[in-house]
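Everything on this sheet refers to the single structure shown next.
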Amino acid sequence: MKKQVIVGIDIGGTNLKIGIFSLEGDLLKTWKTSSKPLQNPQNIQNTLLNELNRFEEFTNIKAIGIGVPGLVRSDGVVVESPNFPEWHEINFNEILKNSLNVPVCIENDANLFTIGEGFIGSAKDCKNFVGITLGTGVGGGIVLNGKIYRGNKGMAGEIGHIVIHPSGPQCSCGKKGCLEAYSSATAIEKMMEQQTKLILNAEDISGLALKGDKIAQKIFEKAGYHLGIGIATIVNLLDIEMIVIGGGISKAWQLLERGISKGFSEHTFKTHLEKVEIKKSLLEDNAGIFGGFFIAKEAISNFEVS
């Protein structure tokens, strides 16, 4: 008999990452593929089912936890996603549960990252903190008194859409001056193209910065500075203990750190400067799939009782 497993899925604007876990939480296997096929909502079911059936030994699935970018209602319906413009009122439960007959838990991807970091990552044992993900966009998750804060409709934590400057660059959401328009991979790539006419991805730009390219270094410093302003806004509002930063752009931590510190120190109170910790993700790329494991594990008993 095949061993029962729990699956954590992290859907990003660029990549789809899948983690297979034992029921005890050991990560047995992980892989990633392009998330581009998911742009068309009609491809969601087949794309995810094909990935879940990729390895025969891991097909005895007990539960699935999925993180998706965008606004997710408390009933698991994805209202919309800036990274997937064709997604409107997407019900992942309906798409997958009937095919698999197991609990399928849907959560905002940044919330999933935050849950993972809170359980076994940089924020372990911290009761009041915020997780920020820097990738194609900028996401956020809020933990207050040890629990994810979801807000009135389950859509709290859209940190990427804090307005840094009302007449700033246009964001993928259609508004102007959002944090995401300053500190995401997309923003970094746009700044590089505007200043040099070069079309490079954020990873290549960070590589140039690390080799001493002054323009690339300034771009990352600017991205970090505006992130620091966003962090100051969050801390001033919520009086939290810690900020944990993850996502692909966080790998360029040494390029961002000085700018983050400057933006934060210039826009918050002295008491916060002395007491609030700003940390890099411990779980890095795996935070989202670990978060998926934890919410799926929690859902198993409820599914069996019902």
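The values are calculated or read from the model by the stated rules, or taken from the named source; none is laboratory data. Please read all numbers here as calculations on a predicted model, not as lab measurements. Cβ sites come from the backbone with ideal geometry, for glycine too, and all protein chains shown count toward neighbours. The accessibility values were calculated without ligands, DNA or RNA, using every heavy atom of the protein model including side chains. Shrake-Rupley method; radii C 1.70, N 1.55, O 1.52, S 1.80 Å.
Miscellaneous remarks
- Scan of the stretch 66-111 for residues that are of a type in the set (Ser, Thr, Tyr) and either part of a loop (DSSP other than H, G, I, E, B) or under 18 Å from the mean Cα position of the chain (by Cα) (or both), ordered by number: 74, 81
- Here the condition is being touching a helix residue (DSSP H, G or I) at 6+ places or on another chain (Cβ under 9 Å), at positive phi and at pLDDT below 95; of 109, 125, it holds for 125 alone.
- All of (1) at pLDDT 90 or above; (2) open to solvent by less than 20 Å² (accessible area, probe 1.4 Å); (3) within 20 Å of residue 286 (Cα to Cα) hold for residue 61 with one exception: (2).
Per-residue answers, yes or no, for (1) open to solvent by 20 Å² or more (accessible area, probe 1.4 Å); (2) free of Cβ contacts under 8 Å to residues at least 60 places away in the same chain; (3) among the β-branched types (Val, Ile, Thr):
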site	(1), (2), (3)
228	no, yes, no
233	yes, no, yes
236	yes, yes, no
240	no, no, yes
243	no, no, yes
248	yes, no, no
251	yes, yes, no
258	yes, yes, no
262	yes, yes, no
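- One residue stands out among those in the stretch 191-206 that are in a helix (DSSP H, G or I) and over 20 Å from residue 260 (Cβ atoms): the one that is least open to solvent (accessible area, probe 1.4 Å), which is 196.
- Options 76, 137, 118: the member that is small (Gly, Ala, Ser), touching a helix residue (DSSP H, G or I) at 6+ places or on another chain (Cβ under 9 Å), farther than 26 Å from residue 279 by Cβ and open to solvent by less than 40 Å² (accessible area, probe 1.4 Å): 76
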